[in-house]
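Student: Below are the structure tokens for one structure; questions will follow.
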Amino acid sequence: MARRVLSLILAQLNMNFAISHSRYYYLKKRQRLWEPVLIVLGVGGAAASLAVGIYTAASYYYSTAAAIGQEAVTLTLGILLSQVLVMILGFVLVIAVFYFSNDLAILIPLPLRPAEVLAGKFAVILASEYVGLVVFVLPVIIAYGVRADVSAVPYVLSSILVFLALPVVPLVLAAIPAILLMRVAGLSRRKDTLAMIGGFLFIGVIVVFQFFVQTKAPGVGEEAEFLAKMLATANSLVYIVGARLPPSIWATKALALAGTWQGLWNLGIFLVAGVLGFVVLLVIGDRVFYQGVLSGFEAGARKGAARRAGKAKAAGYVSRSPIASLAIIEMKLFTRTPVFVLNGFTGFVMFPVMFVAMFLMRGNPEMARLWDVLLAVPAFDAIGALVIAAYFFVLAAMSSIPFTAFSREGRRNIWIPRSFPASAKTIALGKAVGAEIMVALGAIPGIAVLGYVARLPLASVAVGVVFGVMSSFVLNLCGVLFDMWRPMLNWTDQQKAVKSNLNVVVGMLMGVAVLAVLGLAVNFLINLGLPAWGVVAGVGGVLAALLAALVALLGAVADRLWSGLEA
Amino acid sequence: MSGASLLRLEGVSKTYRGGTRPAVDNLSLEVRAGEIFGFLGPNGAGKTTTIKMVVGLLRADRGTILVNGHDVARDPVAAKADIGYVPDNPDLYERLTGIEYLNLVADIFGVSREERRRRIGELLEMFELESAVADIIQSYSHGMKQKLALTGALLHDPRVFILDEPMVGLDPRASRLFKDMMRSHCDKGHTVFFSTHVLEVAERLCDRVGIINMGRLIACGSVEELRERRKQTDETLEDIFLELTEAGEAK
């Protein structure tokens, strides 16, 4: 049994990280060798600089905390934040990898127990989490080890074990509700919708929990005062966190007290918690995992049977322009795929939940002070319009929708738009308009809350929405064009098309670049001495110019990019 | 051959990146209006690569491809507007319903509302898909997906109907209907170009066949012409195919 599970895990890891695929193309065929070089230089460089930044911040934090003997809180915060991150991302990953992988139809007929398949899939998610943790939590552990007075060998050994076990408990905590949700959703004909709603509820709960924990920390003030207050109450923060996620405390003590019996005891508890959690997951999974997966295979057929029983007359013949038709299909395909929705719409749900939580916390003296400061800002209504426009922009950048417009088609479906007698510009515009409608609709809840909470005049909201649509359409056009140039079509499950797609990272970088351009424009306009609404109008002018330039660029290069896309 | 040239390939070559030999090597052929042309060849001979170049999914390294007089490289939109294409494995948008997919295709090909209502009705009836058209494509069997892809490809009554292994997945009744439909499509002055491994079908159905092996066209003409050239009047298309392709591989 162990041998076949190991074999399954190795095969899953191979597929997930495209190991054989890369070996074949890069080493044997020696094709597109610039790709791994670019990935190492680009992603590796960005990850390394981020890791160095986190290391520096952790060292600084350590110094301040050590002054009042609370240095261990450095580890607690690093571990806690990474575990919350693992839990949020893990929930979406579990649903995607456990229930929407292309290889499930191959794995299920194999003589494997559900728990064995689940173990293989869990290993894939775990491995993906390690990649992120190397950047986010390893620098914190190293910084603490370098600065603290710890015995080198026990600390390094404990660090390795803690690092390996770190994502297990939060992933188990995300996976158990996920497989139970999918089991319950599988009983319904609206399985996909239920999965999406459940997913967002889970994310909402985690966001509120995180927000609640954070607001227990002292409020805004002078930096030194803030830090002093923060550190003075560090134990209460740790207590709150520890009451909800004790593993972060065990991990902290395992590292901070490495080489002592107490450290060893906490390391033991931490590892046993991970193993026990995994066993519980396997036991539950063995009973309900396949039921959720198989109900997914049945859902379509059941629906089909119902329709064939006499409800087939719903078919309609609607005629639309190619751009409108492409935009509508883009929205339908995106919103009917739970994996895409859970990845792309997270911001649409997360931000309004945060805004509402902030509003509900207004009674808190620190929050009330923050609101007073914000509302006292001069020309708040003009700035509010820009904030709303920026909100659209951030949602578009975070959504991954435009930057995966063609990648999501994959090798299987790209032949469909490629064989259409429509210009590349039409196809790109159709996809960009579809993305824009999704972003605009997704922005409504957040804007409604923002407008109400900040008591923005209707004119500010209206101007913000118009500029928001313009700013997000700029990014949508950039994204669609970039993804037309370099789509990631080789993916084995939908999650990879949106999550492991470098184009999404490029999208965020492009977002930063466009924001920088807009920031420079605002700075320039303020220096000209324009009134606040004059600055807002100037930003509108810059956005209009950017849009015009992008549409011209689309006309100039889209056909070349499209014809170069071989499928 | 009498009709106007609807599909013409002149000196078309394609080598995949990193490939050691061309997948298609200096291929020239012409298909005229009213013809059913069967494109035959062993696995890996270059059939699908050729078809993908014709429909614009791959770019030819050299040569020209004209569809109803439109150069696929220079005027792809006009060329594609005259093509109806069904790939070997019709992967469709699984999360759309059948009618949503057909409406998308009709919108892109500019089929009017009345025309699409008539054409879709006819084709769905022919393929017995009427009761399933409101279902999500994910729930379709392989054969139903194949039929839906065929319906989509025929919606705009294309001048050039291109199919890669069209018989795979069709039940005997649908297969028979489809073959009749191919003939009636050509009788309207259009053309059908399809690849197949089913040599009996090709022999019975095609006005002309082309045999490709290792990227090169090694024979082209009606089955009768091929027999005459080889001075073997009792040979079947299967005999001709096997001898020609085995001889090619022996070289």
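Please treat every number below as a calculation from the coordinates, not as lab data. These numbers were taken from a predicted model, which means no experiment stands behind them. Positions of Cβ are generated from backbone atoms using ideal geometry, with glycine treated the same way; all protein chains shown enter the neighbour counts.
Student: Subtracting the Cα-Cα distance from 0.36 nm times the residue separation, let me have the gained length for A:Leu360 to A:Leu81 in nm, one decimal.
Tutor: Numbers: separation 279, 0.36 × 279 = 100.44 nm, distance 2.33 nm.
Between A:Leu360 and A:Leu81, full extension yields 98.1 nm more.
Student: Using +1 at the Cβ of each Lys and Arg and -1 at the Cβ of each Asp and Glu in the protein assembly as shown, identify which of A:Ala428, B:Leu226, A:Val293 lies farthest towards the dipole's positive end.
Tutor: Going by the charge dipole, the pick is A:Val293.
Student: Using θ = phi - 60° and the Karplus curve 6.51 cos²θ - 1.76 cosθ + 1.60, what whole-Hz ³J(HN,Hα) does each residue of segment B:117-123 get, with Gly and Pro shown as x?
Tutor: For segment B:117-123, the Karplus curve yields 4, 5, 5, 4, x, 4, 5 Hz.
Student: Any chance you could give the angle, 0 to 90 degrees and rounded to 10, that helix B:172-187 forms with the longest Cα principal axis of chain B?
Tutor: 80
Student: Now, a different point. Packing-wise, with mean Cβ within 10 Å as the measure, how do A:437-448, A:98-109 rank, highest first?
Tutor: A:437-448, A:98-109
Student: Now, a different point. Can you tell me the dipole magnitude for chain A around its Cα centre, using point charges on the Cβ only (Lys, Arg +1; Asp, Glu -1), in Debye to the nearest 20?
Tutor: 2300
Student: Can you pick out the pairs among B:Lys47/B:Lys147; A:Lys332/B:Lys14; A:Lys332/B:Lys145; A:Lys121/A:Lys499 whose Cα atoms lie more than 27 Å from each other?
Tutor: Violating the 27 Å Cα-Cα cut-off are A:Lys332/B:Lys14.
Student: Within 10 Å of each candidate Cβ there may be at most 13 other Cβ atoms; applying that plus a DSSP loop requirement, which trypsin sites (Lys or Arg not before Pro) in segment B:41-74 survive?
Tutor: Here the trypsin sites (Lys or Arg not before Pro) that fit, given the DSSP loop and packing criteria, are B:Arg74.
Student: Over all residues in B:17-28, what is the mean tally of Cβ atoms on other chains that come within 10 Å of each residue's Cβ?
Tutor: For peptide B:17-28, the averaged partner shielding equals 1.
Student: Let me ask something else about it. Which whole-number percent gives the relative contact order of segment A:322-563, counting Cα pairs below 8 Å spaced six or more residues apart?
Tutor: Relative contact order of segment A:322-563: 31 percent.
Student: Among A:Ser407, A:Val522, A:Ala448, which residue has its Cα positioned farthest towards the positive end of the charge dipole of chain A, with +1 placed on the Cβ of Lys and Arg, -1 on the Cβ of Asp and Glu, and the dipole taken about the Cα centre?
Tutor: With unit charges placed on the Cβ atoms, the residue in question is A:Ser407.
Student: Also, quick follow-up: Modelling each spin label as a point 7 Å along the Cα-to-Cβ direction, I'd like the B:Asp180/B:Glu115 distance in nm, to one decimal.
Tutor: Inter-label distance under the simple model: 2.6 nm.
Student: Below 8 Å between Cα atoms, with a sequence gap of 6+, how large is the relative contact order for chain A in percent?
Tutor: That works out to 16 percent.
Student: Oh, and also: Suppose each label sits 7 Å from its Cα in the direction of the beta carbon; what would the A:Phe524-A:Ala376 distance come out to in nanometres?
Tutor: 3.4
Student: On a C-alpha basis, how far is the centre of segment B:95-169 from the centre of segment B:1-66 in Å? Whole number, if you could?
Tutor: After rounding, the separation between the Cα centres reads 26 Å.
Student: Where q = 0.05, 0.08, 0.09 Å⁻¹, what log10 of I(q)/I(0) comes from the Debye formula for the protein assembly as shown, counting one point per Cα?
Tutor: Normalising to I(0) and taking log10 leaves -0.34, -0.82, -1.00.
Student: At 0.890 mPa s and 25 °C, plugging the Kirkwood radius over alpha-carbon pairs of segment A:1-81 into Stokes-Einstein gives what diffusion coefficient in µm²/s?
Tutor: 149
Student: For the ranges A:55-65, B:76-86, A:196-206, what's the packing order if you count other beta-carbon atoms within 10 Å of each residue, average per peptide, and put the highest first?
Tutor: In descending order of packing, they fall as B:76-86, A:196-206, A:55-65.
Student: Based on Cβ point charges of +1 for Lys and Arg and -1 for Asp and Glu, what charge dipole magnitude is obtained for segment B:29-174 about its Cα centre, in debye rounded to the nearest 20?
Tutor: 300
Student: Further question on the same structure: For peptide B:124-137, how many partner chain Cβ atoms fall within 10 Å of a residue's Cβ, on average?
Tutor: Average neighbour count from other chains, rounded to a whole number: 4.
Student: How much length is gained on full extension from A:Gln291 to A:Ile39, taking 0.36 nm per residue of separation minus their Cα-Cα distance?
Tutor: Working: separation 252, 0.36 × 252 = 90.72 nm, distance 3.93 nm.
The span from A:Gln291 to A:Ile39 would gain 86.8 nm if fully extended.
Student: Angle, helix B:237-250 long axis vs. longest principal axis of chain B, Cα atoms, 0 to 90°, nearest 10?
Tutor: Tilt relative to chain B: about 60 degrees.
Student: Helix by helix through chain A, keep the DSSP H runs that span 18 Å or more along the axis on Cα and average at least 1.0 on Kyte-Doolittle, and give those back in order.
Tutor: A:72-99, A:114-136, A:152-165, A:168-186, A:191-215, A:322-335, A:346-360, A:380-399, A:424-453, A:458-485, A:502-527, A:532-563
Student: Shielding by partners for B:98-105, please: the mean number of other protein chain Cβ atoms within 10 Å of each residue's Cβ. Let's see the in-between values first.
Tutor: Details: counts 2, 6, 8, 2, 2, 9, 10, 4.
Mean shielding by partner chains, rounded to a whole number: 5.
Student: Percent relative contact order of segment A:318-443, based on C-alpha pairs within less than 8 angstrom and at least six residues apart?
Tutor: In percent, rounded to a whole number, it is 53.
Student: Anything over 30 Å Cα to Cα? Flag those among A:Lys431/A:Lys496; A:Lys425/B:Lys188; A:Lys431/B:Lys179, in the order listed.
Tutor: On the way: A:Lys431/A:Lys496 20 Å; A:Lys425/B:Lys188 33 Å; A:Lys431/B:Lys179 37 Å.
Among A:Lys431/A:Lys496; A:Lys425/B:Lys188; A:Lys431/B:Lys179, the Cα-Cα distance tops 30 Å for A:Lys425/B:Lys188; A:Lys431/B:Lys179.
Student: For a quick size check, give me the Cα extents of segment A:500-567 along its three principal axes, largest first, whole Å.
Tutor: 53, 28, 13
Student: If you don't mind, another one. Taking the Cα-to-Cβ direction at A:Ala66 and at A:Val134 and moving 7 Å from each Cα, how far apart do the two end points lie in nm?
Tutor: Between A:Ala66 and A:Val134, the label points sit 2.8 nm apart.
Student: Let me ask something else about it. Among B:Phe194, B:Leu237, A:Pro177, which residue has its Cα furthest toward the positive end of the charge dipole of the protein assembly as shown, with +1 on Lys/Arg Cβ and -1 on Asp/Glu Cβ?
Tutor: It is A:Pro177, whose Cα lies furthest towards the positive end.
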